[in-house]
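A short write-up of the structure that comes next.
The values are calculated or read from the model by the stated rules, or taken from the named source; none is laboratory data. Given the structure is predicted, the values throughout are model-derived calculations rather than measurements. Here the Cβ positions follow ideal geometry from the backbone for every residue, glycine too, while neighbour counts run over all protein chains shown.
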Amino acid sequence: MKFLKTIFTILLVAISTISCSSDDGTDGTNGVDGQQGAPGAPGTANVIYSAWINAPVAAAETVDGTSGMSTTINAPELSDEILSKGTILVYVSFGSGTFTLPYTSTAGGFANTITAVSSLKKIKLFRFRHDQGGTVNIPTSLSWRYILIPGGVTAATSKAAKPDYAKMSYEEVCAHFNIQP
């Protein structure tokens, strides 16, 4: 019997030592999870856009055999990665609105188009007449803005097709990426 009392005492001491520590406290009950919040507004993660800028004075130039006027705006964020995999949108703004390039009008009395030719860190603005009869200037008073969309940016979290940003209006693109017009 003395042997059993000794084993019982040893077991009690061992159990007390193992199960107790000075920092043990009483566990509380888990709280109830809150409701899922509303989705946030689309952001501009990875999308780069410029302020409205004026371009330098244009000069006569021939591009791919077409005579016209050109000027260049700096786009320091325009990388090889964006050139090869991304989307580059360029807009012109003047008195009657904001327009996506290429933009065709009858300024100067002749049908002409302003287009953008992108290269590393630069965007060339080129205006040519459709009849090849001369040139129409690119006024320095016009305002320009570019939006660079890297190739890794998804248009939506669903499996829906990526929007064709070039077919969207300037206002639709700004709303989509939460950009102040």
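In the list Gly65, Gly86, which residue meets the criterion of being in contact with a Pro (Cβ under 6 Å, 6 or more places away or on another chain) and of a type outside the set (A, V, I, L, M)?
Gly86
For segment 106-121, name all the residues that are within 17 Å of Gln132 (Cα to Cα) and modelled with pLDDT of 95 or more.
Ala111, Asn112, Thr113, Ile114, Thr115, listed by residue number.
Please determine whether any residue of segment 59-68 is in a loop (DSSP other than H, G, I, E, B), at pLDDT below 70 and under 30 Å from Met168 (Cβ atoms).
Taking segment 59-68 as the starting set, the residues that turn out to be in a loop (DSSP other than H, G, I, E, B) are 64-65.
After this cut, where a residue has to be at pLDDT below 70 as well, the list is none.
Checking segment 59-68: not a single residue is in a loop (DSSP other than H, G, I, E, B), at pLDDT below 70 and under 30 Å from Met168 (Cβ atoms).
So in segment 136-152, with the set limited to residues that are in a loop (DSSP other than H, G, I, E, B) and of a type in the set (Val, Ile, Thr), which one is farthest from Asn46 (Cα to Cα)?
Among those that are in a loop (DSSP other than H, G, I, E, B) and of a type in the set (Val, Ile, Thr), it is Val136.
Of the residues that make up segment 90-103, is at least one modelled with pLDDT of 95 or more, touching a Lys or Arg at 6+ places or on another chain (Cβ under 8 Å) and more than 17 Å from Ser169 (Cβ to Cβ)?
Within segment 90-103 (the criterion being modelled with pLDDT of 95 or more, touching a Lys or Arg at 6+ places or on another chain (Cβ under 8 Å) and more than 17 Å from Ser169 (Cβ to Cβ)), the answer is no, since none of the residues qualifies.
Go through (1) among the acidic types (Asp, Glu); (2) at negative phi; (3) exposed (fewer than 14 other Cβ atoms within 10 Å of the Cβ) and name the single condition Glu61 misses.
Result: Glu61 fails condition (3) only.
Output the qualifying pairs, or none if there are none: Cβ atoms under 6 angstrom, residues six or more apart or on different chains, first residue in segment 89-108 and aromatic (Phe, Trp, Tyr), second residue part of a helix (DSSP H, G or I).
From residues that are aromatic (Phe, Trp, Tyr), the pairs are Tyr91/Tyr170.
Could you check, for segment 112-120, whether at least one of its residues is within 19 Å of the chain's Cα centre (by Cα), part of a loop (DSSP other than H, G, I, E, B) and surrounded by 15 or more Cβ atoms within 10 Å (Cβ to Cβ)?
There is no residue in segment 112-120 that is within 19 Å of the chain's Cα centre (by Cα), part of a loop (DSSP other than H, G, I, E, B) and surrounded by 15 or more Cβ atoms within 10 Å (Cβ to Cβ).
Just the residues that are modelled with pLDDT of 90 or more, under 14 Å from the mean Cα position of the chain (by Cα) and either of a type in the set (S, T, N, Q) or loosely packed, with under 14 Cβ neighbours inside 10 Å (or both), please, taken from segment 143-177.
Residue satisfying the conditions is Glu172 alone.
Does Ser79 fit the bill of being surrounded by fewer than 17 Cβ atoms within 10 Å (Cβ to Cβ) and at pLDDT 95 or above?
So Ser79 passes the test.
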